[in-house]
Amino acid sequence: MSEDCIFCAIVSGDQPGHVVYEDDSTVAFLDANPLAPGHTLVVPRDHHERVQDMPDDVARDVFRTIHRLVPRIEDAVDADATNVGFNNGETAGQVVPHVHGHVVPRFEGDGGRPIHAVAASQEDLDDDELAAIAEDVRSAGE
Ligand code: 5GP
Ligand code: ZN
């Protein structure tokens, strides 16, 4: 638990939250400023800032919870689809530094946009540039 972390406080019950699911390692609750009815945040109980800070088992548990909740949320609010995503780091728009997956219900004709809308424009990279980037990513894992 991290002092001054609003999500740690919700997980511990010190702060109120509309909790929709909890298990040994994860908790899910409604976003206080929802982008749509049913907008839900899925968090690990333990305080980790970014996706890459979670141990493997915690990362698996977070995705397992998202996987379980998506159909329940879609059913509950009668959504046609959902966007699922993480703002991972301040530059990417992460405001609360306790890793959290957003599940945002989507409705036919809601006027929203796909997750591609996070970028201001599309990069124009040729095949050689893509190959070089792919090689850099592969070798970063060695
Ligand atoms: P981020 O930009 O960090 O990915 O998203 C943080 C999210 O947390 C926002 O969508 C915001 O509405 C939500 N949020 C911020 N403070 C609280 C809170 O105290 N309770 C709940 N339930 N959600 C919060
Ligand atoms: Zn926290």
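Results, tabulated for the structure shown:
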{"item": "Cβ crowding within 10 Å averaged over residues, with 101-107, 3-9 ranked highest first", "result": "101-107, 3-9"}
{"item": "Loop trypsin sites (Lys or Arg not before Pro), the stretch 15-72, which have at most 16 other Cβ atoms in a 10 Å radius of their Cβ (DSSP)", "result": "R50"}
{"item": "Highest-first arrangement of 86-97, 17-28, where packing means the average Cβ count within 10 Å", "result": "17-28, 86-97"}
{"item": "Carbon plus sulfur fraction of accessible area for the chain, probe 1.4 Å, in percent", "result": "49 percent"}
{"item": "Sites H67 and Q122 - FRET efficiency at Förster radius 25 Å, r taken between beta-carbons, to 0.05", "result": "0.25"}
{"item": "Residue-averaged 222 nm ellipticity for the chain, from DSSP H runs of 4+ at -39500 (n - 2.57), nearest 500", "result": "-10000 deg cm²/dmol"}
{"item": "1.4 Å probe accessible area per residue over the chain, in Å²", "result": "66 Å²"}
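The values are calculated or read from the model by the stated rules, or taken from the named source; none is laboratory data. In this text the structure is predicted, and so the values were computed from the model without any measurement. Reconstructed Cβ throughout: ideal geometry from the backbone, glycine too, with neighbour counts over all protein chains shown. With ligands, DNA and RNA removed, areas are computed over all heavy atoms of the protein, side chains included. Shrake-Rupley method; radii C 1.70, N 1.55, O 1.52, S 1.80 Å.
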